[in-house]
Every structure is written in structure tokens, then in C-alpha cells.
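Encoded as C-alpha cells, the structure appears first; notes follow it.
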Amino acid sequence: MRPAFAVGLVFAGCCSNVIFLELLARKHPGCGNIVTFAQFLFIAVEGFLFEADLGRKPPAIPRRYYAVMVTMFFTVSVVNNYALNLNIAMPLHMIFRSGSLIANMILGIIILKKRYSIFKYTSIGLVSVGIFICTFMSAKQVTSQSSASENDGFQAFAWWLLGIGALTFALLMSARMGIFQETLYKQFGKHSKEALFYNHALPLPGFIFLASDIYDHAVLFNKSERYQLPVIGVTAPIMWFYLFMNVVTQYVCIRGVFILTTECASLTVTLVVTLRKFVSLIFSILYFQNPFTPWHWLGTLFVFIGTLMYTEVWNNIGTTRSQLQKDDKKN
């Protein structure tokens with residue numbers, strides 16, 4: 001029952017979170033900092049009350065290790081959200097972040113000296129080709145949709161190129177954080193909920209450096225059109241409603257993933273997250289009418305087939321089926 005409930009949380013929370021994030025980014029593309037701050041604050045307060053027991057519960061993992069992890073986590077979150085302000089469309093944003101397997105494999109080879117099968121290298125190749133196709137086609141769209149002025153076109157392309165660089169940096173940093181987290185869990189045991197709290201609580205002072213941008217967007221949010229909240233009937237600026245729903249759905253999403261990691265095998269978690277990304281992508285394209293050419297569809301197909309190949313889902317399905325057949329024969 002709990003795994004099914006967790007899958008429901010992941011799909012409901014993560015998919016709806018993407019919707020509210022795009023609603024925010026379409027109106028104010030540079031609102032990533034206020035969105036990140038709100039998410040961090042909400043999860044930190046919840047964790048302080050229920051996980052840290054108002055600060056009375058000492059962490060199982062020393063805080064100095066969390067300081068390193070938090071620095072990477074904060075950087076990844078801010079850079080990923082800020083990339084939306086650099087001519088990066090939401091579908092490309094989601095596809096690019098699906099390339100985490102590439103970054104994990106590269107850093108795993110370099111840092112952990114891991115070696116992989118030909119099957120896994122092939123899957124990573126498919127993901128790489130898929131991301132390249134989507135990135136290349138998005139580059140053509142950026143230049144064609146910009147002004148007829150050659151200077152404006154070059155400026156739009158330059159900002160887009162900077163956005164791609166930001167996404168690439170965040171992808172590699174996220175993979176490095178995953179490896180660091182893996183070594184900590186091996187040494188101190190798994191404490192995912194504790195890590196969730198410290199990863200969101202410790203970076204909060206860092207938002208002081210972004211206070212000016214956060215304040216400016218708070219003022220813009222206050223000036224947005226009024227919206228009557230359902231059920232309670234109170235009117236509020238619609239951008240604050242979008243932000244509130246984004247924060248709540250982000251929390252639901254993270255909680256769902258946490259339950260999955262404690263109840264299911266890592267393969268199941270990977271498959272659920274991959275399918276969630278695919279559903280979010282399709283919904284974003286159809287509902288928001290984002291530009292998506294047949295080449296984008298081909299690149300997306302490569303990314304998700306490569307991801308499924310990497311998890312060796314077919315081999316595991318075959319193993320499970322064989323085991324079930326053996327059990328039937330025994331009975």
C-alpha cells in the first residue's frame with residue numbers, strides 16, 4: 001500500500017509542481033530565486049519541527065559533511081532555476097536534467113574508478129544523442145524566434161548558450177553531490193529525511209546575497225492580478241497562489257520520493273521518476289503549447305529509451321518473471 005501511495009505522491013506532486021513552476025516562469029522568467037527560497041524555507045521549517053525536534057535531536061551525520069553537501073545542493077538548485085531566465089524553455093530544461101545518468105557515469109569513472117558494461121555505455125550514448133538533438137533544435141528556434149536584427153539574434157543566442165552552460169554545470173555538480181552522498185551513507189548509514197532537512201535548512205543564510213532579487217519579485221508578485229482562492233473564498237495576488245502551490249507540490253514530490261527510496265528497490269525509484277519526467281514533459285508541451293518539433297520528439301525518445309536501458313528494466317522484468325514461474329512450479 002505504501003509504495004502505491006508513494007507513486008501517487010510522486011506523480012501528483014512532481015507533475016503538478018512543474019505546472020506551477022511554468023506558470024511562474026512564464027509570467028516572471030527571473031523568479032527562480034524567490035521560488036527556491038520559498039521551497040527551502042517550507043521544507044526547513046517542516047524538518048525543524050518534525051525531524052530535528054526543534055533542534056534537540058543531534059544529527060547522525062556530522063554537520064561538517066552536511067556543510068559540503070549543502071553548498072553543492074544550494075548551488076545546483078539556484079543555477080537550475082536561474083537557467084529559466086536564460087532563454088531556456090521548460091521542455092528543454094526537463095530533458096537536459098534527464099541527462100543526469102551521463103554525469104553520474106562520467107564522475108563515477110573518474111572519481112570512483114567504476115567500470116560499466118557495453119549495454120550501459122550504449123544507453124548513455126542514446127541519452128547523449130537525444131540531448132544533443134533537443135539542444136541543437138532549441139538553438140535554431142532561439143535564433144529564428146528572435147528579432148530580425150542581427151544584434152538581437154546574437155544576444156538571444158548568447159543568453160541561451162549561457163543557459164546551456166548553467167544547466168551543464170548544475171548537472172555535473174548534482175552528480176558530484178550524489179557521489180558524495182553515497183559515500184556518506186556507506187559510512188554513517190542512510191538518513192534521507194535528516195539529509196533532506198539539513199540540505200534545506202543550512203543554505204537559508206545564503207539567500208541574504210539574493211535578498212534584493214527576492215524582494216523585487218515579491219513586489220512584482222504583489223502587483224499581479226487578484227485571484228479568489230477556492231474553498232475559503234479569499235482573494236490574493238495570483239502569483240503568490242502559484243508560488244504557494246509550487247512549494248506545497250514540491251514538498252509532496254520530495255516526500256513521495258523519500259517513501260519510495262525506503263520501500264522499493266532503486267530500480268523502481270528510477271523508473272517512477274523517469275516516467276514522471278516523461279508525463280510532465282508531455283503535459284508541458286500540450287497544455288502550454290511549447291514549441292516541439294519531430295526532432296524534439298526523436299531526441300526525447302532517445303533520452304528515455306537510454307534511461308530505461310541504463311536501469312536494465314527488461315533484464316529485471318525477465319528475472320522477476322522467471323522467478324515467478326519457478327515459484328509456480330514449486331507450488
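Structure values in brief
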| quantity | calculated |
| --- | --- |
| Nitroxide proxy distance, nm - points 7 Å out along Cα→Cβ at Leu162 and Glu263 | 4.4 |
| Within the stretch 168-248, trypsin sites (Lys or Arg not before Pro) in DSSP loop having at most 12 other beta-carbon neighbours inside 10 Å | Lys223 |
| Nonlocal amide H pairs with Tyr227, under 5 Å, H built at 1.01 Å | Ala236, Ile238 |
| Additional length obtainable on full extension of the chain from Ser212 to Lys186, 0.36 nm per residue less Cα span | 5.3 nm |
| 3J(HN,Hα) from dihedral phi, the stretch 121-133, Karplus parametrisation 6.51/-1.76/1.60, rounded to Hz, x for glycine, proline | 4, 5, 4, 5, x, 4, 4, 4, 5, x, 5, 4, 4 |
| Contact order relative to length of the stretch 1-126, as percent, for alpha carbon pairs under 8 angstrom and 6 or more apart | 26 |
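Bear in mind that the values in this text are calculations on the coordinates, not laboratory data. In this text the structure is predicted, and so the values were computed from the model without any measurement. Glycine gets a Cβ as well: all are built from the backbone with ideal geometry, and neighbour counts include every protein chain shown.
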